[in-house]
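**Student:** Below is a structure I'd like to ask you about.
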Amino acid sequence: MSAAVRSSLVLALLVVPDAALAHPALPGIGGFWGGLLHPFVVPAHALAIVAAGLLVGQVIKGVPESARWNGPAAFAAGLVAGSIAIACAFVPVHANEALLGLAALSGIWIAAGRIPLHLTPLLIAGLTGLVVALDSPPDATLLREALLMQIGTFCGALALFTALQEIASRLRRGWQHVGVRILGSWTAASAILVLALRFAK
């Protein structure tokens, strides 16, 4: 990450509003650790990040080492853009549903075993990062705690995405590919089921 990107992230997070409302990941856990756990315990976030990481991991097999960081870079760029939007008091309406839609789309591609164009998974990764950040406004009344929560969410989401991408990119055996496709199908089915239940209300 370049110095300009780091500076922009810090500047954006410093202007986070003093009060913000969100769905708490784990009641009673705030600050950095609450933000760090947020992508792991909010189901829509976890589904979308898992699906995006696996999708990008399938695409980057065999690419040069320098290109392996394109996925995390796209995801991080989305997280930064979403954090800036939250700092500017942008309030998304259907961010959670958008995450489920992205998880379903990625899961379908993974389950089908058809790798889309190289740039498509990077676009999915960037959009997933953007919507994860938009759906994670800090649940804090103090500026310092809100800032720590945003940094924690960034670190947790990026770590989860990067780990899944690296795992998926190193799977070489046939049964491992089948396992990834099964996981993709479960991810897509779960996301579609939750979306169907929400829109049926």
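**Student:** Open to solvent by less than 20 Å² (accessible area, probe 1.4 Å) and farther than 20 Å from L47 by Cα: which single residue out of A81, A125, A95, A87 fits that description?
**Tutor:** None of the others qualify; the one that does is A87.
**Student:** Evaluate region 134-142: report whether one residue or more is in contact (Cβ under 8 Å) with a residue 12 or more places away in the chain, open to solvent by 40 Å² or more (accessible area, probe 1.4 Å) and within 23 Å of P43 (Cβ to Cβ).
**Tutor:** There is at least one residue in region 134-142 that is in contact (Cβ under 8 Å) with a residue 12 or more places away in the chain, open to solvent by 40 Å² or more (accessible area, probe 1.4 Å) and within 23 Å of P43 (Cβ to Cβ).
**Student:** Whether any residue in region 169-192 is closer than 18 Å to A76 by Cβ and surrounded by 13 or more Cβ atoms within 10 Å (Cβ to Cβ) is what I want to check.
**Tutor:** Yes - at least one qualifying residue is present in region 169-192.
Conditions tested, residue by residue: (1) of a type in the set (A, V, I, L, M); (2) over 30 Å from G30 (Cα atoms).
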residue	(1), (2)
I108	yes, yes
G113	no, yes
L123	yes, yes
L127	yes, no
P137	no, no
A163	yes, no
R170	no, yes
W175	no, yes
G179	no, yes
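**Student:** Please go through region 41-52 and pick out each residue that is open to solvent by 20 Å² or more (accessible area, probe 1.4 Å), more than 13 Å from N96 (Cβ to Cβ) and at pLDDT 90 or above.
**Tutor:** Passing the criteria: only V50.
**Student:** Going by the structure shown, is L13 assigned to a helix (DSSP H, G or I), open to solvent by less than 40 Å² (accessible area, probe 1.4 Å) and at pLDDT 90 or above?
**Tutor:** no
The values are calculated or read from the model by the stated rules, or taken from the named source; none is laboratory data. Quick caveat, the model's predicted, so the values are computed rather than measured. Cβ sites come from the backbone with ideal geometry, for glycine too, and all protein chains shown count toward neighbours. To get the accessible areas, we keep the full protein, side chains included, count just its heavy atoms, and leave off ligands, DNA and RNA. Shrake-Rupley method; radii C 1.70, N 1.55, O 1.52, S 1.80 Å.
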